[in-house]
Amino acid sequence: MDANWIYLDNNATTAPAPEVVAAVNDCLLNSWGNASSSHAVGQISKQKLVAARGAIAKFLGCKPAEAVFTSGATESNHMAILGSLARGEKKRLVLSAGEHASMQKLARQLAAGGYGGHAVQVDFIPVTPQGTLDLAAAAQLIRDDAALVSVMSANNETGVLMPVAEIAALCKAAGVPLHVDATQSVGKLPFNFAESGADLVSVSAHKLHGPKGVGVLLMRSGLAWPALFAGSQERNRRGGTENLPGIAGFAAAAERLMNGAEKIPETAARIAALRDRLEAGLKAALPGTVVFADGAPRLPNTLYLRFGALDADVVLNRIEKLGVIASSGSACSAGGSEPSALLVAMGVPRDLALCAIRLSLSDATTDAEIARVIEVIPAALAPLLGEQSDPDGKQLAA
Ligand code: PMP
């Protein structure tokens, strides 16, 4: 890593915290036994697993037995969807239109190919032009014939916070299980499973300064949910030898957020102030700057915007040469020439959606870094924007 890089792609992944690296390392060296082995070496790992589960449960406001460790949010999301189809007769899924690719791609595959010889119907709750959910449409779609309703707590591209409480009330009234993909909000905003109204929740450690390849599916006690991988681990709910170094690292990340010098609400306020400064600074310096979903409640760390009609690839290339690392949106669909499906669903024209840049901060982002970005980006882009704009800049402000 280049020490001069300013990393603003924290919605894609975060740097592991030093205490996370230490916990993973310690586990690899000292607790490498199989937690299912009854001998002494296995029991050291078992104790570590129990302690890590306890810390993560405390952090997420769930009972330890409600936490099923997985390989990350993609697997947790798949377990939520496929389990809902496996557990009963209902074969209708209701998803929000902004769901992560790991949900949308699976849902579309199921809609095209069916499940276990049955047709699967997938209905998407539309998003509004501000990127939040159309609650009137949700009320129509959430009916007792649904196997599962799934919404995300916050969108990975826009950062928009979704109306989970309202959706939970609709699900409760209809008697339909609710899954929440909370991957982007956990660690950035306070979260409590017991109070969330959700039956199932996906979380991923690498979005909160933990390691990659480890996450959790929280499952409300008493909810019978078929496993994706059969096996006896995780109380028969997820087979496979537990990724103990990953789980220990996840627990260290959770403990850091619970016991650090600053608590999540204070950190969120500090990051939001930095993000707002960045947003205001870029808008002031580059009048063609348009922020997506700026009228909706957003994650404190996320800024999704376009600079006039400058193509995202051009912008990202220029700013990376100056040390600013950002992305055009979801890392899971970046690299293609397709615009963000979410922006298109929000009504953004395709050519302008291809101009979208996501700047996402973390609790490690400093004032000095933001001050530098406010200088570097305008200096790099002003000449390009000048070429595009008409004399009074109106064309860019569209
Ligand atoms: N859901 C959301 C909202 C995400 O942002 C991501 C990560 N990009 C995932 C799911 C997938 O998480 P993982 O990388 O742990 O599989």
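Where a number appears in this text, it was derived from the coordinates with a stated rule and is not lab data. None of these values were measured; they are calculated from a predicted model. Because the Cβ atoms are built from the backbone with ideal geometry, glycine has one as well, and the counts that use them run over all protein chains shown.
Worth pointing out:
- Stretchable slack from ALA173 to LEU322, in nm (0.36 nm times residue separation minus alpha-carbon distance): 48.3 nm
- Linear extension gain, ALA368 paired with SER37, 0.36 nm per residue minus alpha-carbon span: 114.1 nm
- C-alpha long axis of helix 18-30 to longest principal axis of the chain, angle in °: 30
- Mean Cβ neighbour count within 10 Å, used as a protection proxy, ranking 358-371, 243-256 highest first: 243-256, 358-371
- Protection proxy ranking, peptides 6-13, 45-52, average beta carbon neighbours within 10 Å, highest first: 6-13, 45-52
- Acute angle (nearest 10 degrees) that the helix 101-113 long axis makes with the longest principal axis of the chain, alpha-carbon atoms: 70
- ALA15-PHE229 FRET efficiency (beta carbon distance; Förster radius 30 Å; 0.05 resolution): 0.55
- Overall, the anisotropy analysis places the stretch 311-382 in the prolate class: the square-rooted eigenvalues a ≥ b ≥ c of its C-alpha gyration tensor yield a/c not less than 1.5, with a/b exceeding b/c.
- Set of lysines with alpha-carbon distance to LYS263 below 22 Å, sequence-local pairs under 8 removed: LYS58, LYS63, LYS188, LYS207
- Each part reduced to its alpha carbon centroid, the stretch 346-364 and the stretch 67-99 end up 27 Å apart.
- Packing rank of 287-298, 118-129, 156-167, where each peptide gets the mean count of other beta carbons within 10 Å, highest leading: 156-167, 287-298, 118-129
- The Kirkwood radius of the chain, taken over pairs of alpha-carbon atoms, gives through the Stokes-Einstein law at 25 °C and 0.890 mPa s a diffusion coefficient of 111 µm² s⁻¹.
- Inter-label distance, nm, simple model (7 Å from Cα along the C-beta direction), LYS283/ALA101: 3.1
- With respect to the chain, whose longest principal axis is taken over its alpha-carbon atoms, helix 244-259 is tilted by about 60°.
- Stretchable slack from ASN236 to ASP294, in nm (0.36 nm times residue separation minus alpha-carbon distance): 16.5 nm
- Diffusion constant of the stretch 117-212 at 20 °C, which comes from Stokes-Einstein with the Kirkwood Cα-pair radius and 1.002 mPa s, µm²/s: 151
- Listed by chain and number, the lysines placed with their C-alpha closer than 25 angstrom to that of LYS91 are LYS105, LYS172; residues fewer than eight positions away on the same chain are left out.
- When both bridge partners sit in the stretch 10-155, DSSP labels roughly 20% of those beta bridges antiparallel.
- Among GLU89, GLU338, the ranking by other beta carbons within 10 Å of each residue's beta carbon, starting with the fewest, stands as GLU89, GLU338.
- Pairwise FRET efficiency - TRP5 versus LYS263, Cβ, R0 = 25 Å, nearest 0.05: 0.30
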